[in-house]
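To start, the structure itself, in structure tokens.
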Amino acid sequence: MKIGWVLFRKEMLELLRNYKVLWMPAVFILFGLTEPLTAYYMPEILQSVGDLPEGTVISIPTPSSAEVVLSIMGQFSTFGVLVIVLGFMGTVSGERRTGNSIMVLVKPVPYTSYIYSKWSAAFVLVWISYSLGMLSGYYYIHLLFDGISFYPFLKGSLVYGLWPIFIMTLVVFFSSFSQSPGLTAFYSIGSTMLITFLSGYMTKTLKWSPGQLTNYVHELILYSRWNENLTVTIIFTLVICLTILLITPTISKKKELS
């Protein structure tokens, strides 16, 4: 336990030295601010840059607060995933490539402590970044739109928050046996795209897939309806993350020994 805590502090210090604790929350906050501002000022933006004939009137229906929240989550599903992958694709493979992992593991350090400290540090940073992004969006939605009740917003944010944590867990997993950060990024993005595509295509067969979280959150925020499959999907996603975490140290150890 003591070794794990020391390694966790080391990882947090490394995130500070790499400025990830600054730029990653800043990027998520930027995404959270951009969607409400863009949705609110879109008619003025089109009017000023659209080069339209004089007298043209642009009428765009004002989106509801719930729709803006879902737009923010849509940004996190695309650009947010890229930020997470780019931020942690070298968390294990990068250290293996530079030889830093050997310097740590040559000491009496269990592989479980080594991997779990990295996952825990990544979890803290991703969750803080995601939460700040959602809260910044929530603030501007209340300034520019009718606002949305905090309870459904909180409920939807917590459920959807499993998705970036799932992605981050995949990144750590692929990084544990990949030969380079580039391969980690390729595997992570490819897996995310595959899961999302299959979940959208086979909605009945993969109704408990982590890729369905976005669809169920739509129902939760727009209609305040808790889908009958959502509870099982949450449990299944957590089980997948736990399973990945259990096998990752073993895979990483075999890779180091080879």
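The values are calculated or read from the model by the stated rules, or taken from the named source; none is laboratory data. The shown structure was predicted, so the numbers you read here are calculated from the model rather than taken from an experiment. In this analysis, Cβ positions are derived from the backbone assuming ideal geometry, glycine residues included, and neighbour counts consider all displayed protein chains.
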Considering only helices (runs of 4 or more DSSP H) wholly within segment 181-258, the ones with at least 2 residues that are over 28 Å from Phe150 (Cα atoms) are 181-201, 230-257
Scan segment 136-154 residue by residue and report those that are buried (at least 16 other Cβ atoms within 10 Å of the Cβ) and in a helix (DSSP H, G or I).
-> Ser136, Gly137, Tyr138, Tyr140, Ile141, Leu144, Pro152, Phe153
Could you check how many residues of segment 118-135 are within 30 Å of Arg96 (Cα to Cα), surrounded by 20 or more Cβ atoms within 10 Å (Cβ to Cβ) and not hydrophobic (A, V, I, L, M, F, W, C)?
-> 3
Residue check, Ser178 in contact (Cβ under 8 Å) with a residue 24 or more places away in the chain, surrounded by 22 or more Cβ atoms within 10 Å (Cβ to Cβ) and assigned to a helix (DSSP H, G or I) | no
If Ser136 passes every condition in (1) in contact with a Lys or Arg (Cβ under 7 Å, 6 or more places away or on another chain); (2) within 22 Å of Thr214 (Cα to Cα); (3) of a type outside the set (Lys, Arg) but one, which one does it miss?
-> (1)
Are there any helices (runs of 4 or more DSSP H) wholly within segment 8-118 with 1 or more residues that are modelled with pLDDT under 85, under 19 Å from Ser175 (Cα atoms) and touching a Pro at 6+ places or on another chain (Cβ under 7 Å), and if so which?
-> 93-98
Sole residue being within 15 Å of Phe173 (Cβ to Cβ) and surrounded by fewer than 18 Cβ atoms within 10 Å (Cβ to Cβ), chosen from Leu206, Leu198, Leu222, Leu246 | Leu246
